[in-house]
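The values are calculated or read from the model by the stated rules, or taken from the named source; none is laboratory data. In this text the structure is predicted, and so the values were computed from the model without any measurement. Note that we place each Cβ from the backbone using ideal geometry, even for glycine, and neighbour counts take in every protein chain shown. SASA here: full protein model, heavy atoms, side chains in, ligands and nucleic acids out. Shrake-Rupley method; radii C 1.70, N 1.55, O 1.52, S 1.80 Å.
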Amino acid sequence: MQGQFSERIPAWPRFDDADERRLIEVLQSRRWWRGNGGIGDAFEAAFADSLGAAHVRVVANGTLALELALDALGVQPGDEVIVPACTFISTASAVLRIGAWPIPVDVERDTLNIDVDAVAAAITPRTRCIVPVHMAGHSCDLSRLIALARSHGLALLEDAAHAHGARAFGKALGTFGDAAIFSFQSGKLMTCGEGGAIATDRPDLAARSFALHSCGRPKGDTDYRHLMPATNMRLTEFQSALLHGQLARLPALGAQRERAAPCFEAHLRAAGLTPLARRDYVEAHGRYMTMAWFDPAAFGGRDAGQLAAELRGLGIPAYRCFPEIHRTGMFDPPALQRLQRSSTPPPDYARIATPVAAAASRAAIWFAHPILLGDDELFADIARAIGELRQPQRAATPLSLSETA
């Protein structure tokens with residue numbers, strides 16, 4: 001990212017001398033592996049305590065955390081899992097990878113969170129699980145989703161990849177469903193480069209998730225008791241060491257982003273954008289993204305990809321909203337045929353309409369959270385740069401849609 005703002009955006013990730021000391025301690029201990037180290041266990045306990053959850057399992061990345069959680073919940077090939085159409089692809093690809101079918105439903109225009117009425121309309125006898133995504137760190141309507149899931153006997157798996165430190169309805173996000181997942185990828189609010197976790201209060205899911213993430217072996221096994229088909233999703237001790245510092249800094253950085261967000265959003269409104277709403281039940285917003293709608297016609301016909309690319313050219317970390325998941329190449333019929341692991345055919349994804357998600361893919365952009373660690377002068381100058389793009393576009397240049405979170 002180069003441009004006039006490149007040196008003004010606060011650096012991310014954050015680290016300090018304590019992080020360096022922890023890494024050196026792991027290095028010198030020669031216990032770099034989850035199996036003989038204690039750093040991963042200690043981080044799991046600390047993160048669980050911060051959430052108010054009974055159990056946490058750290059894994060190699062957030063996508064694998066989704067696969068692990070779905071598998072631990074007993075989702076089978078041919079089952080249906082309801083997901084939002086507007087999300088990063090992992091929410092859906094994890095479902096496909098275990099042989100089930102993701103059922104995309106539309107999202108609310110003002111939050112881009114999953115539309116509970118659309119979820120209710122999508123439930124069939126084959127539905128096994130609902131996966132709401134707390135988009136940008138803003139809580140979904142969990143009270144209605146929990147009631148809906150319970151009334152149909154469905155599992156609820158929170159995708160809290162954006163929601164570290166967020167709270168609603170009196171609890172931390174990630175503690176409402178049967179399980180939740182978090183991501184520690186490089187851009188996330190807590191990061192170790194790549195990593196993920198599942199959180200749950202259910203001891204059966206905690207035990208099953210350990211075996212599934214460690215080649216089918218129960219915790220403490222030295223006799224090669226591979227109890228179930230599984231794979232290796234373990235996180236290294238180095239990454240867990242980094243996460244201790246990330247967790248310690250999360251409250252202060254979260255509070256700083258919360259204080260700054262209304263000011264930044266006010267500047268975006270002045271520049272002609274419409275930031276997403278904040279519902280009354282949100283007690284602490286994760287602020288992973290600052291998301292906003294815009295009118296392409298007011299910006300010379302630019303779509304979200306074009307507008308975001310021009311802002312990145314100025315050094316502003318801005319990105320188009322996610323494309324509808326079922327309009328990506330992953331959902332082309334030949335690709336689905338290769339993934340099919342049951343006699344249950346895939347849904348006709350071409351016929352699934354999600355108009356709000358479709359509109360967001362063209363006319364919503366998001367700004368990365370390090371901006372919120374800046375000051376009002378930075379916010380005003382970013383808004384001024386956006387405002388200068390409110391003029392006819394001279395030449396449209398096709399852009400790749402691959403740059404996402």
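Here is how the numbers come out for the structure above:
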{"quantity": "Relative contact order (%) - criterion: Cα under 8 Å, at least six apart; region: segment 225-325", "calculated": "16"}
{"quantity": "Of the chymotrypsin sites (Phe, Trp or Tyr not before Pro) in segment 126-235, those whose Cβ has at most 12 other Cβ within 10 Å and which sit in DSSP loop", "calculated": "224"}
{"quantity": "Whether segment 66-182 is rounded, prolate or oblate, judged on the alpha carbon gyration tensor where a/c under 1.5 counts as rounded", "calculated": "rounded"}
{"quantity": "Computed log₁₀ I(q)/I(0) - Debye formula, equal Cα scatterers, no solvent, segment 259-350, q 0.25, 0.26 Å⁻¹", "calculated": "-1.33, -1.40"}
{"quantity": "Gain on full stretching of the segment that runs from residue 336 to residue 18 - 0.36 nm per residue minus C-alpha separation", "calculated": "109.8 nm"}
{"quantity": "Per residue value of the accessible surface for segment 33-92 (all protein chains in place, 1.4 Å probe), Å²", "calculated": "28"}
{"quantity": "Estimated vicinal HN-Hα couplings, Hz - segment 322-329 in sequence order (Karplus 6.51, -1.76, 1.60; Gly, Pro = x)", "calculated": "4, x, 4, 4, 7, 9, 8, x"}
{"quantity": "Stokes-Einstein diffusion coefficient of segment 220-277, Kirkwood radius over Cα pairs, 20 °C, 1.002 mPa s, in µm²/s", "calculated": "133"}
{"quantity": "Label-to-label distance, nm, for residues given as residue 256 and residue 283 (7 Å Cα→Cβ offset)", "calculated": "2.4"}
{"quantity": "Relative contact order [Cα under 8 Å, 6+ residues apart], the chain, whole percent", "calculated": "22"}
{"quantity": "For segment 345-392, accessible area per residue (1.4 Å probe, heavy atoms of protein chains only), Å²", "calculated": "43"}
{"quantity": "Label selected from (i) 26.1, 84; (ii) 21.2, 76; (iii) 21.2, 69, the criterion being Rg and Dmax of the Cα atoms in Å as computed here", "calculated": "(iii)"}
{"quantity": "Unit charges at the beta carbon, dipole of segment 210-358: most positive-side option, 317, 255, 212", "calculated": "212"}
{"quantity": "Dimensions (Å) - segment 1-126, Cα atoms, principal axes, largest first", "calculated": "54, 47, 27"}
{"quantity": "Accessible-area composition of the chain, carbon plus sulfur, in percent [1.4 Å probe]", "calculated": "52"}
{"quantity": "Over segment 69-189, relative contact order from alpha-carbon pairs under 8 Å, at least 6 apart, %", "calculated": "22"}
{"quantity": "Cleavage-rule hits (chymotrypsin sites (Phe, Trp or Tyr not before Pro)) in segment 24-74: DSSP loop, at most 12 neighbouring Cβ within 10 angstrom", "calculated": "33"}
{"quantity": "Cleavage-rule hits (trypsin sites (Lys or Arg not before Pro)) in segment 22-57: DSSP loop, at most 14 neighbouring Cβ within 10 angstrom", "calculated": "30"}
